[in-house]
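Quick notes on the structure that follows.
The numbers here are math on the coordinates, done by the rules we state, and not lab data. All of these numbers come straight from a predicted model, not from anything done at the bench. So basically every Cβ, Gly included, is an ideal-geometry build from the backbone, and we count neighbours across all protein chains shown.
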There are 2 protein chains.
Amino acid sequence: MSDQCSRLRRSRTKITVLCLLITVIVLHGTFNRVNPDSAAEENRNHHAGAEAPRKRVDTRRLLEEAQNDSAQADNNNDKSYAEFDIAKILVDEEGGNEKPDPNKPYSLGPKISDWDQQRSEWLTNNPNFPNFIGPNKPRVLLVTGSSPKPCENPVGDHYLLKSIKNKIDYCRLHGIEIFYNMALLDAEMAGFWAKLPLIRKLLLSHPEIEFLWWMDSDAMFTDMAYELPWERYKDSNLVMHGWNEMVYNDKNWIGLNTGSFLLRNCQWSLDLLDAWAPMGPKGKIREEAGKILTRELKGRPVFEADDQSAMVYLLVKEREKWGEKVYLENAYYLHGYWGILVDRYEEMIENYHPGLGDHRWPLVTHFVGCKPCGKFGDYSVERCLKQMDRAFNFGDNQILQMYGFTHKSLASRRVKRVRNETGNPLEVQDKLGLLHPSFKAVKISDSS
Amino acid sequence: MSDQCSRLRRSRTKITVLCLLITVIVLHGTFNRVNPDSAAEENRNHHAGAEAPRKRVDTRRLLEEAQNDSAQADNNNDKSYAEFDIAKILVDEEGGNEKPDPNKPYSLGPKISDWDQQRSEWLTNNPNFPNFIGPNKPRVLLVTGSSPKPCENPVGDHYLLKSIKNKIDYCRLHGIEIFYNMALLDAEMAGFWAKLPLIRKLLLSHPEIEFLWWMDSDAMFTDMAYELPWERYKDSNLVMHGWNEMVYNDKNWIGLNTGSFLLRNCQWSLDLLDAWAPMGPKGKIREEAGKILTRELKGRPVFEADDQSAMVYLLVKEREKWGEKVYLENAYYLHGYWGILVDRYEEMIENYHPGLGDHRWPLVTHFVGCKPCGKFGDYSVERCLKQMDRAFNFGDNQILQMYGFTHKSLASRRVKRVRNETGNPLEVQDKLGLLHPSFKAVKISDSS
């Protein structure tokens, strides 16, 4: 009996150990499945400065090298961002030996130096594809997108769907075309960097585009009546929401936002993309660049390099080269951080009206940090989704009112009628003037 | 001890009964949550004729009344669909007494009889919103939509997202605007009938629209290069995929398809919508109308009235009134049933090319019966989703090739490069001519 008991005890112990082992393996696999890109994105926009998962790399030597490089660059009075020497970053962690890959530094594509001329000739030869579609009205392509995979969070795709409907509505009213991307064109530039190869490709393929408007999938239009002040930007090539002081004086990593920006189709922009890209390639380069950005920029948490921080760094380091053509806009919300807007919608409805675009009625409400598609955001899922519904309805009401309807409340999917049907539909009051807005009217010449 | 055992046994019995009771209640609630509309939609397009859930109503008297009405109508040589007397359908099931509601027969809105004139005047007064945007190029609004609720099947929203991206791509190339609807404008006309109030509202609000193109959310563009033959329809007001013989001779319920159709913005169309609507109001009217349709049409399963069957019935009953302006198109796939197309994509790629629009390269692949958003479709979920991915990629490849990429296979989300970057991007071969297609070019007059 006692032999039996002993055997039972031993096999029970073996089973217990086996189960523990399996549990450890599964947990390990689960935690390591967190995509380093999404971990980085989570933290990119986290205002409270929480830290992203740290990665253990022997970096002392790398930082010293990088510091030496920038010190050298400083000494040469050459504050070129390009002095950031990628090759020296690529070291063998184990051996400590340099393994530069000088044959293949990252490139967005073959260098083009005469794009303004190429484009100008094309436009002359193609008068049916003009870059201005009306007086003071440039041809604009709004570019956005999301992963080709279903969201890890099942409800995430529903919010992507509402978000694109929202963009379709604004763009239809404002005569803007949309490109929705679901393809990863360059595996090295995955995550938030994926927009760079895409933007370059679209600019070069569509010379008729005057401005490319990049917009994140978690940003929504909340002022359907606001037309961008194109005239204001006639001497600018890059327009982002931000503040000069926060960028150039404070070097604050959220001094500007790359979730919604305009980029003119011209040589300058191609050069900018080339200058912006080097911190992007994933792996060691992006990791090491992230450390530099955290060190150099105010308030930046520890995580791999992101495009927004890299833009701040680029502008700070090379202000003379780029600054003159960069417009940091804060007169209206080209990007509006959702946290300070969404609780005020009722107050806005009470006191203001669409068409203002600013704090009174924001053009864009941007749900940075929410990540409805993933499983790990910076804010509570419940708050994010509830507020995204409200923002969607806030914007959607401006569309529905054209047709005599409105949402029953900002929280409700359901709509109610607010204007009766009539036998004279063309005499209805179009209060916001959105049914046939002036900024959409184009003069079509007589067809031949 | 035995007292204790008895007590234990009794309480165990009580617990068992309680659990059974809860189980029954939960199951009952689960089964009754199946939306009757979706049950009807499931069956609408089921080609094998499976039966929808039957509803028990004492219908003998109702059918006799309806038959008498139509016999009377026949006797009067008046085959008016409007003779279908809704009022007589509204009976009290229990008492068998008629309870017509003559004060409120269903109406899409106040009768308008001079829409052609109203519209013509408006167009004259608004030359900046012409109804033709190029030679032989009418202004078209593509209308589609989905429920404001997240899909019951989590992956459903992902397919809605891919579907709208697909439509955005086609419409951008072809100069067509999109309206994505997520609002139920009229609770009585829920489900597939919801498109009628929406279509009427959009036509009346946008006189500049020449054609409204309704397209189901489960239909995808698979020929990005095919431009509709607008000239062919210059004397038509309603264009649907279908066959004259199947509709007028066979009265086959799938003799035409209302999942993708064109409707001209004119008085005739308003009248058609008014004539089409009566079978739509949900509840008894829709149920009883469904029985009539099943009886009258060939091959139709038993389920409530759907808009497609009602259209067949309307055209058959009132051919002289409507037939002349209805074009049943089958020279290309304005709607293409997915079942006979999706297994041939590789063969199409091998032998043909985009721009044909027909069986060789279908314009539209329509996933009737798949219902990725709901939980109950007519086909296996696995087959549907796999084929929807293939159809999406088949169409998406035509977009990607403009930029030098293609999907690794029709089953793969990933893309690969098929054309190197170049320093002369404007000289690349645009094989399909989609980068700057002629059907998109518009002549803009000099801005003043």
Ranked B:Tyr379, A:Tyr327, criterion: other C-beta atoms within 10 Å, fewest first
B:Tyr379, A:Tyr327
On the formula 1/(1 + (r/R0)^6), with r taken between the Cβ atoms of A:Arg319 and B:Lys298 and R0 of 56 Å, the FRET efficiency rounded to 0.05 is 0.15
In sequence order, calculated HN-Hα J values of the range B:402-418 (Karplus, 6.51, -1.76, 1.60; Hz; x Gly/Pro):
4, 10, x, 10, 7, 5, 4, 7, 5, 8, 9, 6, 7, 10, 10, 7, 10
Simple spin-label model, 7 Å along Cα-to-Cβ: B:Ile349 to A:Ser380 in nm?
4.9
Below 20 Å, Cα to Cα, which lysines can B:Lys251 reach? Residues fewer than 8 away in the same chain don't count.
B:Lys79, B:Lys291, B:Lys298, B:Lys317, B:Lys321, B:Lys325
At 7 Å out from Cα toward Cβ: A:Glu231 inter-copy label distances (nm, ascending):
4.4
Residues A:Leu161, B:Leu273 in order from fewest to most other beta-carbon atoms within 10 Å are B:Leu273, A:Leu161
Using the count of nearby Cβ atoms within 10 Å as a rough guide to exposure, how do B:Phe367, B:Phe132 rank from fewest to most?
B:Phe132, B:Phe367
So if we plug the beta-carbon distance of A:Asn420 and B:Trp243 into 1/(1 + (r/R0)^6) with R0 = 41 Å, what FRET efficiency do we get, rounded to 0.05?
0.50
Find the Cα radius of gyration of the range B:362-427, compare it with 2.2 N^0.38 Å by division, and give the number to two decimals.
1.46
For the charge dipole of the range B:146-243, defined by +1 on Lys and Arg C-beta atoms and -1 on Asp and Glu C-beta atoms about the Cα centroid, which residue among B:Trp193, B:Asn153, B:Phe221 has the Cα displaced farthest towards the positive pole?
B:Asn153
DSSP beta bridges in the range A:114-252 [antiparallel fraction, %, rounded to 5]:
20
Within 12 Å, Cβ to Cβ, of A:Gly423, how many net charges do the neighbouring residues add up to if Lys/Arg are +1 and Asp/Glu are -1?
-2
Pick out, in residue order, every one of the GluC sites (Glu not before Pro) in the range A:123-193 that is DSSP loop and has at most 16 other C-beta atoms within 10 Å; say none if there are none.
A:Glu152
The answer for the net charge of residues other than A:Met348 whose Cβ lies under 12 angstrom from its Cβ, with Lys and Arg +1 and Asp and Glu -1, is -3
To the nearest 0.05, how large is the calculated FRET efficiency for A:Asp116 and B:Asn128 if R₀ is 30 Å and r is the Cβ-Cβ distance?
0.40
Flagged links, alpha-carbon separation over 29 Å, of B:Lys167/B:Lys408; B:Lys104/B:Lys371; A:Lys104/B:Lys416; B:Lys111/B:Lys284; B:Lys201/B:Lys375
B:Lys104/B:Lys371; B:Lys201/B:Lys375
Given H placed 1.01 Å from N in the peptide plane, which residues other than close sequence neighbours of B:Gly242 have an amide H under 5 Å from its amide H?
B:Glu329, B:Asn330
Test item: Cα-centred dipole of the range B:141-273, Lys/Arg +1 and Asp/Glu -1 on Cβ, debye:
200
Using a 7 Å Cα-to-Cβ projection, A:Ile340 label spacings across copies, nm, ascending
6.2
Other copies of A:Trp243: label-to-label distances in nm, shortest first, labels 7 Å along the beta-carbon direction
7.0
Which of the listed residues, A:Leu314, A:Pro301, A:Tyr327, is farthest toward the dipole's positive end in the range A:289-331, when Lys, Arg count +1 and Asp, Glu count -1 at the beta-carbon?
A:Pro301
Tell me, what is a quarter of the convex hull surface for the C-alpha atoms of the range A:299-415, in nm² with one decimal?
9.9
